[in-house]
Amino acid sequence: MKIKLIVCFVLLANTFFGQRVAESIETKNIGTRAFTVVTPPSYESSPEKKYPTLVLLDGEYLLDPFEGALKYGNYWDDLPEMIIIAIHQNNGDTRFKDSEFDDAGFPSGSGAQFFEFIGQELFPYLESKYRTLPFRVIGGHDTTAGFLNFYLYKDNPIFNGYISLAPEMAPEMENRIADRLSKLTKPVFYYQATGENDLAEINEKATELDTNIKAIPNQKFGYLNDTFKGASHYSLVIKAIPNALYFIFDGYQPISMLEFQNKILKLDSGYTDYLIKKYEDLNTKLGLQIKPRLSDFKAIEAAIMKNKAYPEFQTLAAYANKYYPKTILGTYHQAMYYEKTGNFKKALKEYQKAFSQEEIRELTKEFMLNKAEALKGKEDNPTEEAPTLTPTEAPAEKQE
């Protein structure tokens with residue numbers, strides 16, 4: 001009995017917590033480097049699924065707060081699961097050697113070697129062993145926060161997201177980062193945070209960088225700067241981490257009541273297109289292949305009903321059939337179009353199709369057949385006959 005209880009506890013724990021794996025690489029130039037890889041809770045149960053990666057410099061002390069924020073956000077489906085790579089640097093003066101730069105403000109010596117290690121050795125190793133997506137985020141604090149900015153100096157930087165917490169910058173970095181951001185063509189998300197009670201030299205350079213970035217015209221990158229009142233060099237970290245993650249993955253969240261009221265309902269038309277674009281952006285900007293959520297279909301249905309934009313039910317039906325082809329969902333939306341435009345005979349036949357389809361949430365066969373029964377004997381009174389609509393190109397099917 002005790003063995004069964006232990007096994008059940010382990011299985012339950014793996015449902016909520018990822019697995020931590022101690023790893024190390026014998027590098028070409030900087031000896032053996034240790035790091036911890038944290039795989040998400042669904043990693044073992046979803047063998048076809050791939051994940052974005054989060055590289056943490058100062059991994060020993062940044063891992064726990066980042067992992068906690070990600071777990072919390074993922075619990076509410078606000079943040080995606082990620083593979084975390086926490087690089088160990090808090091051994092003597094390792095973090096300072098890893099971040100070494102010359103008088104001109106470029107990586108040099110052991111700093112240049114560590115810079116190359118991440119791109120040329122660490123990532124090839126990770127991609128050969130773990131199921132990773134191309135979307136990569138890097139985070140660091142003070143010395144290592146300054147160092148991570150060097151990756152933006154490349155024409156094709158290997159990271160998509162940058163989380164710079166109280167950065168100690170190299171010479172001219174406050175000017176070079178702004179210049180590089182103005183020239184990049186790939187989607188990049190840049191987050192910087194400082195504390196009001198931090199060292200003056202840190203805050204002065206961060207403020208100058210903030211001013212330079214905000215002056216860039218026609219920005220094609222995502223940018224957010226936080227200055228936390230009353231926060232110290234260390235307390236700002238715990239405040240900044242959730243802000244940074246929610247900023248980078250803005251749009252991942254299901255449609256909220258606020259988004260519904262302030263954005264969707266205010267549209268004159270294109271409610272279904274809004275939904276399609278939401279998931280296209282997750283694919284093109286974040287590299288995430290997410291199956292459209294059923295709650296988001298309900299939100300768009302509500303917007304169509306409230307604004308009497310009934311022809312859009314056809315677009316929604318086609319989009320539903322693309323991702324839930326064997327279910328009642330698409331049939332329901334198509335039937336709603338016929339019913340709301342007065343084509344009751346077509347609506348009745350459409351509702352009856354559900355008998356041979358799979359139920360999905362509240363859309364049961366009984367519900368659909370009751371809808372059909374309520375239309376029997378009603379004479380058609382069409383208000384309009386719109387052409388059949390199809391959704392625009394959508395992201396690929398989610399990997400289960």
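Go through segment 97-114 residue by residue and tally those that are of a type in the set (F, W, Y), surrounded by 18 or more Cβ atoms within 10 Å (Cβ to Cβ) and under 14 Å from M173 (Cβ atoms).
Adding up the residues that qualify gives 1.
When the residues of segment 210-219 are filtered to those that are of a type outside the set (D, E, K, R) and out of contact with any strand residue (DSSP E or B) (no Cβ under 7 Å at 6 or more places or on another chain), which remaining residue is surrounded by the most Cβ atoms within 10 Å (Cβ to Cβ)?
Among those that are of a type outside the set (D, E, K, R) and out of contact with any strand residue (DSSP E or B) (no Cβ under 7 Å at 6 or more places or on another chain), it is N212.
How many of the residues in segment 93-105 are more than 26 Å from L126 (Cα to Cα) and free of Cβ contacts under 8 Å to residues at least 40 places away in the same chain?
The number of residues fulfilling the criteria is 1.
Within segment 174-206, track down each residue that is β-branched (V, I, T) and either in contact with a Ser or Thr (Cβ under 8 Å, 6 or more places away or on another chain) or crowded, with 17+ Cβ neighbours inside 10 Å (or both).
Within segment 174-206, I177, V188, T194, I202 meet the criteria.
Would you kindly identify the helices (runs of 4 or more DSSP H) lying entirely within segment 100-217 that contain at least 1 residues that are of a type outside the set (A, V, I, L, M) and under 29 Å from V38 (Cβ atoms)?
109-117, 123-129, 143-148
All of the numbers you see were taken from the coordinates with simple rules; none came from a lab. Computed from a predicted model, the values in this text were never measured in an experiment. In this analysis, Cβ positions are derived from the backbone assuming ideal geometry, glycine residues included, and neighbour counts consider all displayed protein chains.
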